[in-house]
Amino acid sequence: MADIVLLDGSIGQELIKRSGDRATPLWSTQVMIDHPDIVERVHADYFRAGSTIATTNTYAVLRDRLERVGLEDQTTALTDVAVNAARKAQIACGFGRVAGSLGPLIASYRPDICPPAAEAAERYAEPVDLMKDRVDILLIETMSSVDQADGALRAAIGNGLPVWLSMTVDDDDGSRLRSGEPLRDIGKLVELRQPDAVLVNCSRPESMAAALETISGFGKPFGAYANGFTRISEGFLEDFPTVDALEQRIDLGPAAYARFAMEWIERGATIVGGCCEVGPDHITELAARLRAEGHGIVR
């Protein structure tokens, strides 16, 4: 039996669903502007479901994304809302940790338009500085290429916090990054930058087995948190997409998702949870399965 860190599930998609508002290119950041009270409730629901990590709604709170809509002057204020909501939920529940999310610059799944690592590190310095004294972990999410991951790691490492690096892989071939590079190429970067854990996220759960086989050899704690989309569509890879270009699966209920996650644990994963379209009900089921099979959940 193993001690498992149980992540939360989707933050952005859960906020979109609960708001009932139409999707915008600002994604869940728009919900946070219009309905800031929802954010803390979502975090609290995940803690009640069994999660021990609250991931801040800062994935898209990046100056380059806000500049496109004239909201760059709100970067600090929006980060404050997101971090405070996660911390308040954590304090109210009396356990757990807060992970400060760092998402891809410019757009998800588009390493071709991401700035090179040195420039990216300069851009990431701002969100890292805004969060480093107020969160327990820096969680770099949905990195699609080696260089993209390197840019975020350069900014995050060395701030006195654990840094978790999470990559996103091809929906049909978990041994490859979305850039087309072999996932194994991340190994050299892990050796160089020394993040504290290596994960795979926002890919189909079916792709995770091959990905875990690769990252298990990096000598770091590892894990996965998959999405519930049918796949990342071509429409979502266009400029300034909205999330309604993606389709939710109808065959990935809580029991089905938990079966995938338990398979990841059998492969040695010690950090599991959910990404887009994986909600509190999924985490409730996964927590129950973990306990039923004798695993401990790290609090």
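Observations
- Residue match in segment 120-143 (condition: at negative phi, open to solvent by 60 Å² or more (accessible area, probe 1.4 Å) and of a type in the set (A, V, I, L, M)): no
- Residue within segment 15-36 that is out of contact with any helix residue (DSSP H, G or I) (no Cβ under 9 Å at 6 or more places or on another chain) and either of a type in the set (S, T, N, Q) or over 21 Å from Tyr124 (Cα atoms) (or both) present: yes
- If the condition is being in contact with a Leu (Cβ under 9 Å, 6 or more places away or on another chain) and not polar (S, T, N, Q), then segment 10-29 contributes Leu26, Trp27.
- Applying the condition of being assigned to a loop (DSSP other than H, G, I, E, B) and small (Gly, Ala, Ser) to segment 269-299 and asking which residue is surrounded by the fewest Cβ atoms within 10 Å (Cβ to Cβ) yields Gly294.
- Leading residue by the ranking (most open to solvent (accessible area, probe 1.4 Å)) among those in segment 144-160 that are touching a Lys or Arg at 6+ places or on another chain (Cβ under 6 Å) and hydrophobic (A, V, I, L, M, F, W, C): Ile157
- Put simply, of Ala86, Ala92 the only residue that is farther than 26 Å from Val198 by Cα and either under 13 Å from the mean Cα position of the chain (by Cα) or touching a residue at least 12 places away in the same chain (Cβ under 8 Å) (or both) is Ala92.
- Count of residues meeting criterion [open to solvent by less than 10 Å² (accessible area, probe 1.4 Å), assigned to a helix (DSSP H, G or I) and among the charged types (D, E, K, R)] in segment 1-44: 0
- Top-ranked residue of segment 79-99 - restricted to ones that are open to solvent by less than 40 Å² (accessible area, probe 1.4 Å), among the aliphatic types (A, V, I, L, M) and assigned to a helix (DSSP H, G or I), ranked as farthest from Ala120 (Cα to Cα): Ala89
- Output for segment 45-72, where each listed residue is at pLDDT 95 or above, in a helix (DSSP H, G or I) and under 23 Å from Ala121 (Cβ atoms): Arg63
- If the condition is being farther than 16 Å from Thr142 by Cα, loosely packed, with under 15 Cβ neighbours inside 10 Å and not acidic (Asp, Glu), then segment 182-200 contributes Lys188, Leu192, Gln194.
- Complete set of residues in segment 59-78 that are more than 18 Å from Val135 (Cβ to Cβ) and either open to solvent by less than 50 Å² (accessible area, probe 1.4 Å) or not basic (Lys, Arg) (or both): Asp64, Arg65, Leu66, Glu67, Val69, Gly70, Leu71, Glu72, Asp73, Gln74
- Number of positions in segment 100-139 that are in a loop (DSSP other than H, G, I, E, B) and of a type in the set (D, E, K, R): 5
- Residues being open to solvent by less than 30 Å² (accessible area, probe 1.4 Å) and either of a type in the set (Asp, Glu) or modelled with pLDDT of 70 or more (or both) - total across segment 210-252: 12
- Residue match in segment 252-268 (condition: part of a loop (DSSP other than H, G, I, E, B), aliphatic (A, V, I, L, M) and touching a residue at least 60 places away in the same chain (Cβ under 8 Å)): no
The values are calculated or read from the model by the stated rules, or taken from the named source; none is laboratory data. Model, not experiment: these values are computed from the prediction. Reconstructed Cβ throughout: ideal geometry from the backbone, glycine too, with neighbour counts over all protein chains shown. Only protein heavy atoms, including side chains, enter the accessible area calculation; ligands, DNA and RNA are left aside. Shrake-Rupley method; radii C 1.70, N 1.55, O 1.52, S 1.80 Å.
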